[in-house]
Structure formats: C-alpha cells, structure tokens
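Report on one structure; see the data block that follows.
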Amino acid sequence: MRKELEKYFRKDKLPHIWCPGCGHGIITGAVIRAIDNLKLEQNKICIVSGIGCSSRAPGYLNFNTLHTTHGRALAFATGIKMANPELKIIVLTGDGDCSAIGGNHFIHAARRNIDITTVVFNNSIYGMTSGQYSPMTPKGAFATTAPYGNIDRNFDLCKLAQAAGATYVARGTVYHVPQLIKLMEKALKHKGFSLIDVVDICPTYFGRRNKMGSPVVMMEKIREMSITARTAAKLPPEELSEKIVIGEFYEEQAPEYTEEYAKVMKKAQGGKLNE
Amino acid sequence: MLSRKIMLMQGNEACVEGALAAGMRFFAGYPITPSTEIAEIAAERLPKVGGKFIQMEDELASMGAVVGASLAGLKAMTATSGPGFSLKQENIGFACLTEVPCVVVNVQRGGPSTGLPTLPAQGDVMQTRWGTHGDHPIIVISPSSVREVYDMTIRAFNLSEKYRVPCILLMDEVVAHMRERVELPDKSSIDIINRKKVASTLSDYKPYMDYDSDGIPPMANFGDGIPFHVTGLIHDISGFPSTNPKVTEDLINRLMNKINNNIGDIIEYEKLYMEDAETVIVTFGCTARSVLSAIRVLRQEGLKIGMLRLKTIWPFAHIAIKELMQSSVNTLIVAEMNYGQLLETVKASAEGAFRIYGLNKYNGELITPQEVIDKVREVAEYA
Ligand SMILES: Cc1ncc(C[n+]2csc(CCOP(=O)(O)OP(=O)(O)O)c2C)c(N)n1
Ligand code: SF4
Ligand SMILES: [Mg+2]
C-alpha cells in the first residue's frame, strides 16, 4: 500500500475476511484511490453498505461508516444525505444486496437522483452465504441453488439504473483497474445518483462451481470478454451476448434531490425561489 | 393575560405537534390508514421549521432512512399501522442494537395481515415488544386522549434520546382519529431531552464505551469530525464486529440493563378509584375511556371498582401489579381489544395473587361501557 493511502484504512482491523483471489479488495482499493486523487475531505465522506462479503468493506475504511441490513444501504444512505447534504455518500453493495433484496431501494434512489455514488461489487453470486444464484448470475451458470444450471435471466444493472433515473452510469471490472479508478472519480464528482457496476470475481464459490480455474484465469477471462462501450455500439446485438461492455453509458445533469428539497423548504418558509 | 392555546385537534395532528415541540426534524414514511395524517401534516410542517420530510418506497426503507437521519444528528420519526409495522421490524432491530434514537408511531388497526382497514384494535401489544428478532430493549408507551398523544409524543422522543433506544408510540385508530378540545402547554414549560453528545476533546472515541457507567454511551453524529463505525453485527465497545462470548454477553446485558435499571423513570401508569377497590380493571389506550365511564356507573351502585391504566406498556409495570397485592384488591379484569395479549403478562406478574379475567374484543368494534359493566357483574358471580 502506498504510504499516503494508509490514512484511509483502519489498519488495526486488517487483515480482511476476504478469500485469497477475491476481487473485493481490488474494488475497495479503487474507491480509496479515487477519493485520494480527488482530495475529498475524509470527514465529509460517509460510506454505507448492506450485508454480504462486499458489504464488509466499510469496516476497514477510516471514514464515517455504516454497515446496515441486507439490501437497505440506500435507504439508510438516503436518510443520512437528507439530514446532512454536505456529506458525500458512497454506498458499497453486492450484486445480491443491490439487485435482489435491495432492488426496490435501488430503483427509487436512482429515480430521485439523490446525490449518492453506488458501487456494486458484482461477482454474480451470493458469496457470503456460500454460492447461491443472484439476479446477476448468468443464465446457465451453476450455483448451490441452481445445481442443474440457472434458468433465471440476469439483470443488466446499468440499463436498469438508467431507466430508473440514475444520471451517471458506468461499468468497470476488477481487471481494468486504472479505468475503474477514473470511472469512480467521475462518479464521485457527479452530482446526482451515480452507479458503477463493477464486474468482480468470487473464485471460492462462483469460480469453483463453474470450473473457472484459478483467480488469475478468471481475471484473464474478464479481459477476453471485455469490450468498450464505443466498440459495442458498432456491433450487432447477437455478438454482444458473450461480452462484458465496459465504460461510461450515461451522463446527464439533472436536478438533485436534496437541492430540490432545499427549494421546498424555502417555499414552505415563504422565501422567494431564484428561478 | 396568559395566552391560552385551546383548539380542536385530532390525535394524529397532536402527534405531529408534539413531535415538533420535542425537536423532530426528520420524518420518513409510507402511507397507511389510520396513520396517514401524521405523514401528511409532517410533510407540510417540517420544511417550515427547517426539517425534512420524505415519502419512501416502503416501510423497510422509511425505517432505514429514519435511522440514517438520526445517525446524522436529527431527531427522527416514522408512523405506520400493522402491515407497515411488520415491515419496519427489521430496521427497528437494527436501531435497538446500534442504539440509535428514533420514534416509531404505530396506529393500530385490526389484524392480522391487511386485516380490518381501518377499524380499531389493540392487537399489536406483543409485536411492539417482540416484533423484531433476538433479545433487545425497547420502550412502548400508549396514550388514551388527544392531549396525551401530544405529551406522550414528546415523552417518546425524550425517552428515546435519553436511553438511545427506539421508542414506540402505540396508538389506536380511535385515539388517532378522535377530535378533542385540547389546551397545549406553553413551549417554555416543556422538558426536552437531547442525546448525550461526545466531548469534542475526546480522542480515540469508542462509540459503545460506557464512559459514564450508566449504560448509555455518548453519541457522535456522522459528519461531526469523529469518524466511527456502526454495524448491525454484535460489536465490541469500539463498534467493530465480535463473536467473543464475553463481548456478546456484556453488550446484551448493557442493552437490557439500561432499560431495566431505569424502570422507575420509564414506567408510568394511572390508578383511579383505588382507595377501597376490590376489583380492578387493567387497561390502556382507547379502551380506558370505556372502562372509566363504566366505573363511574358502577361506583354509583356502590361497587368497589378501580382502574389501572398502563401508560407505559413495555417494560411492563410489574410494580403496579405488586402494589395491588398490598391492597384490598382480589380480582383483576384485563380489558383490551385483542385475544388476550396483555392478559397473559398480567397473569404472570400476579403470580396467582388475584382472580384474573379477560375482557376481550377483536371484531373491529370498541369495548363499550355496557360490556365492561356486564363483565364486572359476571365475574362478581364467580366470587
Ligand atoms: C434479510 C436477510 N436475508 C438473508 C440474509 C443472508 N445473506 C447474507 S449475505 C447474502 C448475500 C450477499 O450476496 P451479495 O450481495 O452478492 O454479496 P457478496 O457476498 O457476494 O459480496 C445473504 C443472502 C441476511 N443477512 N439478511
Ligand atoms: S466467498 Fe467469494 S465473495 Fe466472499 S470473500 Fe470469498 S471470494 Fe470473495
Ligand atoms: Mg455477490
């Protein structure tokens, strides 16, 4: 770890609980590097998570941190942001946490365009409970609860977020770290609801069940499958089915929720609106 | 001239007035009759005083948002009824374990499930105590009149802030929708309690350390400049997860004891017509109103009937039952609009000291004064 990054970690809480080869540490590292690159004020950042291996990340990070209930991180985060709009809110969540049990909170936080950056540690599986399928498990993949292959269709989280109203939407991977940091910087600078869907690996459960090989091989696979959003735009849909499309998908400046509420307060108090 | 503020007010309205007087600055809710007016009035009033209102996507979310806002330093409340109260349980439990002050209003309606929207009932007595899983502390108080809704909402905030525990204001449809003439107290006469704050000079803050040896750790807010961690996992005094048996036991003991060691402060009840009473009707909420009318009639006939009205439902007022053992009382009737939820607790508390009967109604109709009178006569025959 670079010396100047040490202040962002609770070193006495390390080592972490993650398995060797797990991608969660890479994503956590990218979040910290983005924060450091932007020189954001540490005390003004609040990191909120749900439940899962990924949601343990805030415990290792030296900020205001809140480890909530399964799927509800965005609900708690909404209350914090409303109460203190000066805080920069980052939600760290798993694919199950965000898109299954927390799916409703996810689409409504996006719809409100509340200024929260959501980072999804998307390993296509429920890691913490040892390998059941999530709404992000690809069709046909194996999981402990899909011993004959998964028949569920998986979400495209980026499309979901955009349709719901998110105003910054991007996808990165644990292989393409420099790009991931850049995407996170943009998300953190963006005012409104931003999503970074991070394609991640769980070698212990997803990898083993699906005979993917070592973590290194799983990373190689991500590299092979990834194409940029720009390249993807030129390809016919059938050629995209086996691809991971990465990069920025959407960016829009739109009224942010707590700023809109500030106007409500002004109106209620009889003050004039300057618009 | 003393300016007296007398008005015709609904219970739900009095709840918001009380909350604002107590310092509520955040409300998150989801509409459900018979609690909805509370959200509607909060939506109008809060922004006027610099507070925030949000209608969330469901009750799971509104309870989460309330806990989040409280952690960021605002006094926060939500209001709901049976089906929504069930959904709130998950994050009520989170607030119990993480010791985040908040007020949850449950305006009861007939259940289970969607039940009887929106006829009156008092069927959530046990759910308020044990609705969320695991051993946990909680305070539940229940008003019987509009003025009491006002006072008790303030009290709910005060208890919640003082003991860092969720406080449930257990109302019923009757008290919530009833309009009464009330005179509100002068703001300057209201006692307001705020959570104990961390001294800004404190270095190495441990969010769950019992600094003052009263079982209640001082609180920092997110954004105050003292970074700390909060988790719904069992945690040590530094706030980080632990599975150590000793740490676990110490935490649960402290959580329970901060309530158990202060029952004198937390428990309130009212006794009426008790001097020579031989039969006492134990009740709470709107049912107390019918009971009181009935007692007035029965007293005119010379019957020695009294009333014990529980204002604090949980922790249960064992002390009030013990007091009855030292008196002329030999019979208890527990009157409640449910199948007998409080009855079992009263029986356990009485340890066989009285003849105990339930007066129960769970069909969406009120217990009438006549039904109370009939019950008193009926049990008199068993004597
Ligand atoms: C209400 C509730 N239901 C179920 C669980 C059990 N549970 C814990 S973590 C988890 C799945 C987490 O998966 P994901 O969000 O993808 O995170 P990962 O562990 O893969 O990082 C489940 C189902 C729980 N803690 N709470
Ligand atoms: S189980 Fe999977 S997600 Fe959890 S720490 Fe291990 S590799 Fe990571
Ligand atoms: Mg996962």
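The values are calculated or read from the model by the stated rules, or taken from the named source; none is laboratory data. Here the structure is a predicted model, which is why all the values come from computation and not from measurement. A quick note on method: Cβ atoms are made from the backbone with ideal geometry, for glycine too, and the neighbour counts reach across all protein chains shown. Calculation scope for accessible area: heavy atoms of the full protein, side chains included, ligands and nucleic acids excluded. Shrake-Rupley method; radii C 1.70, N 1.55, O 1.52, S 1.80 Å.
Observations
- In order through the stretch B:198-213: 3J(HN,Hα) via Karplus (6.51 cos²θ - 1.76 cosθ + 1.60), integer Hz, x for Gly, Pro: 7, 5, 5, 7, 5, 9, 6, 4, 10, x, 10, 8, 7, 3, 9, 6
- Lys/Arg +1, Asp/Glu -1 at C-beta; the protein assembly as shown dipole; positive extreme among B:Val230, A:Pro85, B:Asn158: A:Pro85
- Accessible area of B:Ile252 (1.4 Å probe, protein heavy atoms only, ligands and nucleic acids ignored): about 40 Å².
- Cut-off under 5 Å, modelled amide H: who pairs with A:Gly23 long-range: A:Ile201
- Counting only Cβ charges, +1 for Lys and Arg and -1 for Asp and Glu, the dipole size of the stretch A:3-268 around its Cα centre is about 340 debye.
- With all protein chains in place and a 1.4 Å probe, the accessible surface of the stretch A:52-163 carries 54 percent carbon and sulfur.
- Computed [θ] at 222 nm, helices only, for the protein assembly as shown once each DSSP H run of length n ≥ 4 contributes -39500 (n - 2.57): -10500 deg cm²/dmol
- Efficiency of FRET from Cβ geometry, B:Gln55 and B:Arg299, R₀ 41 Å, rounded to 0.05: 0.25
- Remark on B:Ile139: its backbone amide H falls under 5 Å from those of B:Ile168, a criterion applied only to residues 5 or more positions apart or on other chains, H modelled at 1.01 Å from N.
- Accessible area per residue (1.4 Å probe, heavy atoms of protein chains only) ranks B:Met325, A:Met82, B:Met274 as B:Met325, B:Met274, A:Met82, with the largest value leading.
- For the protein assembly as shown, a crude dipole built from +1 on the beta carbon of Lys and Arg and -1 on the beta carbon of Asp and Glu, taken about the Cα centre, is about 1520 debye to the nearest 20.
- Theoretical gain in end-to-end length, B:Glu381 to B:Asn253 [0.36 nm per residue, Cα-Cα removed]: 41.5 nm
- Checking the cross-link pairs A:Lys139/A:Lys182; A:Lys88/A:Lys191; A:Lys186/A:Lys243; A:Lys7/A:Lys44; A:Lys81/A:Lys266 against a 21 Å limit on the alpha carbon distance flags A:Lys139/A:Lys182; A:Lys186/A:Lys243 as lying beyond it.
- Inter-probe distance in nm under a simple model that places probes 7 Å from Cα toward Cβ, at A:Lys243 and B:Ile190: 6.2
- Loop-resident sites, the stretch A:118-160, for trypsin sites (Lys or Arg not before Pro), counting at most 14 other Cβ within 10 Å (DSSP): A:Lys139, A:Arg153
- Principal axis dimensions, the protein assembly as shown - Cα atoms, whole angstrom, descending: 92, 60, 50
- When the residues B:Thr78, A:Thr144 are ordered by accessible surface, computed with a 1.4 Å probe over the protein chains alone, the sequence from largest down reads A:Thr144, B:Thr78.
- The stretch B:335-349 - phi-based ³J(HN,Hα) in whole Hz, Karplus 6.51/-1.76/1.60, Gly and Pro as x: 9, 7, 8, 6, 7, x, 6, 6, 3, 5, 5, 5, 4, 4, 5
- Of the residues B:Ser144, B:Ser86, B:Ala21, the one whose Cα sits farthest toward the positive end of the charge dipole of the stretch B:5-189, with +1 on the Cβ of Lys and Arg and -1 on the Cβ of Asp and Glu, is B:Ala21.
- Close amide H contacts of A:Tyr250 (hydrogens built in the peptide plane, cut-off under 5 Å, sequence separation of 5 or more or a different chain): A:Val169.
- Selection from A:Val199, B:Leu303, A:Ala232, by position along the positive dipole direction of the protein assembly as shown (Cβ): A:Ala232
- Förster radius 51 Å - calculated FRET efficiency between A:Gln269 and A:Val216 (Cβ-Cβ, nearest 0.05): 0.30
- Placing A:Arg208, A:Arg10, B:Arg45, A:Arg230 in order of accessible area, with the largest value first and a 1.4 Å probe, yields A:Arg230, A:Arg208, B:Arg45, A:Arg10.
- Under the simplified labelling scheme, the A:Ser130-A:Leu235 pair shows an inter-label distance of 3.7 nm, with each label point 7 Å from Cα along Cα→Cβ.
- Proximal lysines relative to B:Lys271, as straight alpha-carbon distance under 29 Å, when same-chain residues fewer than 8 apart are discounted: B:Lys5, B:Lys162, B:Lys187, B:Lys258, B:Lys304, B:Lys311, B:Lys322, B:Lys347, B:Lys361, B:Lys375
- Per-residue HN-Hα couplings for the stretch B:91-104 [Karplus 6.51, -1.76, 1.60; θ = phi - 60°; Hz; x = Gly/Pro]: 8, 5, x, 4, 5, 4, 6, 8, 6, 9, x, 6, 10, 10
- Accessible area buried at the A-B interface, both sides summed, 1.4 Å probe (Å², nearest 100): 3100
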